[in-house]
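Notes follow the structure.
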Amino acid sequence: MKFEETSKYLERILGYIHSDEIDNADKELMTKETMHHFDNYVSPGWLKYRKSVSTNSAMLEWQDHDSSVESLYGEEFIDCLGGFGIYTCGHRNQYIVDTVKAQLDHQALHSQELLDPLRGYLAKAVSEITPGDLQYCFFTNGGAEANEMALKLARVATGGRWYISTVNAFHGKSMGAVSMGGKGTYRTPYTPMVQQVVHVEYGNAEDARKAIKNLIAVGEKVAAFIVEPVQGEAGIIIPPAGYLKELREICDEYNVALIFDEIQTGMGRTGHMWRCEGEDVVPDILTFGKAFGGGVMPITGLICRPHMWTQDLIDNPWLLGSPTFGGNPVCCSAALATIKYMIDNDIPGECARKGELFKVGLDALKVKYADLIDDVRGIGLMLAVEFKTSEIGYEVAKGMFARKVITAGTLVNAKCVRFEPAAVITEEQIAQVLERMDAALADTRASL
């Protein structure tokens with residue numbers, strides 16, 4: 001048979017998945033094969049990118065729970081990277097996992113023809129936990145896809161063609177999303193990008209006003225201003241108080257749709273269910289993702305105000321998009337459980353309280369190591385430490401990894417290291433992270 005060898009190979013691999021215990025010989029084989037497969041079938045650059053190569057490049061992730069990740073050999077790490085915001089409810093949250101298992105017992109995906117009730121239930125729930133009159137939902141699979149749909153929706157609803165974004169923004173890496181992005185690193189390899197995009201200074205509302213006003217003055221129509229309420233990829237950049245409100249006023253004045261990309265800031269991460277609530281602002285379109293699937297299933301999407309859902313979209317429900325797996329039942333079940341868990345356990349409040357505790361500790365380290373640390377900033381459990389140089393940040397992140405703490409520093413860029421742990425992280429674990437970071441900073445200072 002043509003694929004007989006592949007079948008035998010997969011039988012062994014599936015055996016690992018179903019096994020309660022993997023012996024050392026198989027662990028060694030898995031480690032060796034994984035290194036080979038990443039170099040030959042995934043990307044030769046993957047292993048070199050991660051800081052962990054400088055400690056143990058053969059570290060395989062195999063289990064997780066709460067705020068911890070375990071290697072194949074059982075080494076336990078405190079996860080302060082959190083999948084860049086995925087694990088707000090913790091790793092493998094049992095309540096969410098049990099809900100997904102129950103859903104799988106009767107249906108996973110849908111026929112694409114009959115109505116799937118969970119999509120409707122989830123849309124209603126999202127409308128109830130988002131501010132203002134946000135109402136109509138569209139579910140997708142990844143953050144970039146959610147932003148792509150938001151950009152398309154803005155053009156359909158307003159008739160405009162131009163977009164305004166911000167310098168250093170990050171909205172995903174698909175073609176439209178990366179066109180909105182404000183980093184040349186991601187844009188340059190793909191130029192020319194989607195045209196009719198202007199980038200303005202983040203946090204400067206007057207800059208946004210000028211861009212829109214000037215386009216209108218020369219006969220162009222602006223569809224949307226897209227912005228992160230807190231810039232994540234740029235290094236946890238919090239705009240001045242009142243910035244988001246000014247953007248709302250500007251967009252209202254010029255009839256431009258305001259899109260808030262809350263894929264990373266939303267679902268409790270910053271101490272509010274949505275960061276825009278903290279500024280008392282309602283966008284025309286809000287995109288969400290990351291933690292929305294509870295760290296168990298991948299689901300993202302957008303919600304918009306009623307006036308954005310125009311007759312064109314009512315006449316053709318597939319006009320905006322038709323992602324095969326968007327809003328499927330098993331992913332919707334995870335999101336429904338996530339929302340209930342967040343409400344019942346006050347996850348936004350936990351992020352606020354533990355984030356303040358974490359930040360106090362980081363601020364103390366900034367004072368102690370003023371020769372190494374430039375800044376500590378953030379809100380809730382969306383925090384960042386900016387070092388004097390990328391090399392210093394890399395050494396600290398590497399030292400923390402050696403001490404079993406995962407952060408967001410890499411060999412490529414570690415000048416700003418992000419901390420986005422789960423809201424279920426314990427105060428004891430926060431103290432351990434700060435203690436281990438102290439030791440990593442001391443080692444870095446000595447090495448310099």
Check: What do you reckon, is Glu427 among the acidic types (Asp, Glu), open to solvent by 10 Å² or more (accessible area, probe 1.4 Å) and in contact (Cβ under 8 Å) with a residue 24 or more places away in the chain?
Finding: yes
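Matching residues to (1) at pLDDT 95 or above; (2) surrounded by 24 or more Cβ atoms within 10 Å (Cβ to Cβ); (3) closer than 25 Å to Leu109 by Cα:
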residue: Pro283; (1), (2), (3): yes, yes, no
residue: Lys290; (1), (2), (3): yes, yes, yes
residue: Leu302; (1), (2), (3): yes, yes, yes
residue: Lys354; (1), (2), (3): yes, no, no
residue: Lys359; (1), (2), (3): yes, no, no
residue: Val367; (1), (2), (3): yes, no, no
residue: Ile373; (1), (2), (3): yes, no, no
Notebook entry, point to check: Asp98 is checked against (1) over 30 Å from Ala414 (Cβ atoms); (2) at pLDDT below 95; (3) open to solvent by 40 Å² or more (accessible area, probe 1.4 Å) and fails just one. What number does that condition carry?
Noted result: (2)
Next item on the list: Pick out the one residue from Ala241, Ala234 that is modelled with pLDDT under 95, open to solvent by 20 Å² or more (accessible area, probe 1.4 Å), more than 21 Å from Ile303 (Cα to Cα) and outside any helix (DSSP H, G or I).
Entry: Ala234
Check: Given segment 169-221, what helices (runs of 4 or more DSSP H) lie entirely inside it while holding 2 or more residues that are open to solvent by less than 20 Å² (accessible area, probe 1.4 Å) and of a type outside the set (Asp, Glu)?
Finding: 175-180, 205-217
Check: Residues of segment 251-310 being at positive phi and either touching a Leu at 6+ places or on another chain (Cβ under 7 Å) or among the basic types (Lys, Arg) (or both), which ones?
Finding: Lys290
Item checked: Matching option when the condition is of a type outside the set (Gly, Ala, Ser), in a helix (DSSP H, G or I) and open to solvent by less than 10 Å² (accessible area, probe 1.4 Å), among Met267, Met342 -> Met342
Checklist line | Long-range neighbours under 7 Å by Cβ, at least six apart or interchain, first residue without any contact (Cβ under 8 Å) to a residue 24 or more places away in the chain within segment 247-260, second of a type in the set (Phe, Trp, Tyr) | finding: none
Item checked: Of all residues in segment 124-145 being outside any loop (DSSP other than H, G, I, E, B) and of a type in the set (A, V, I, L, M), the one that is farthest from Ile339 (Cα to Cα) -> Ala144
Next item on the list: Quickly run through segment 383-403 and pick out the residues that are more than 25 Å from Glu70 (Cβ to Cβ) and under 23 Å from the mean Cα position of the chain (by Cα).
Entry: Ala384, Val385, Glu386, Phe387, Ser390, Gly393
Check: Name the pairs whose Cβ atoms lie under 6 Å apart, with the first residue in segment 293-310 and touching a residue at least 12 places away in the same chain (Cβ under 8 Å) and closer than 20 Å to Gly82 by Cα, the second of a type in the set (Phe, Trp, Tyr) and assigned to a loop (DSSP other than H, G, I, E, B), and 6 or more positions between them or separate chains?
Finding: Gly295/Tyr87
Check: Just for segment 320-334: of the residues that are in a helix (DSSP H, G or I) and of a type outside the set (Val, Ile, Thr), which one is surrounded by the fewest Cβ atoms within 10 Å (Cβ to Cβ)?
Finding: Pro329
Notebook entry, point to check: Exactly one of (1) surrounded by fewer than 22 Cβ atoms within 10 Å (Cβ to Cβ); (2) in contact with a Pro (Cβ under 8 Å, 6 or more places away or on another chain) is unmet by Leu381. Its number?
Noted result: (1)
Item checked: Every pair of residues 6+ apart whose Cβ atoms lie under 7 Å, when the first sits in segment 383-409 and is on the phi > 0 side of the Ramachandran plot while the second is open to solvent by 20 Å² or more (accessible area, probe 1.4 Å) and at pLDDT below 95 -> Lys404/Glu75
Notebook entry, point to check: So which of Leu258, Leu247 ends up being assigned to a helix (DSSP H, G or I) and hydrophobic (A, V, I, L, M, F, W, C)?
Noted result: Leu247
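The values are calculated or read from the model by the stated rules, or taken from the named source; none is laboratory data. Everything numeric in this text was worked out from a predicted model, so none of it was measured. No Cβ is skipped: glycine too gets one built from the backbone with ideal geometry, and neighbour counts run over all protein chains shown. We work out accessible area using only protein heavy atoms, side chains counted, and drop any ligands, DNA or RNA first. Shrake-Rupley method; radii C 1.70, N 1.55, O 1.52, S 1.80 Å.
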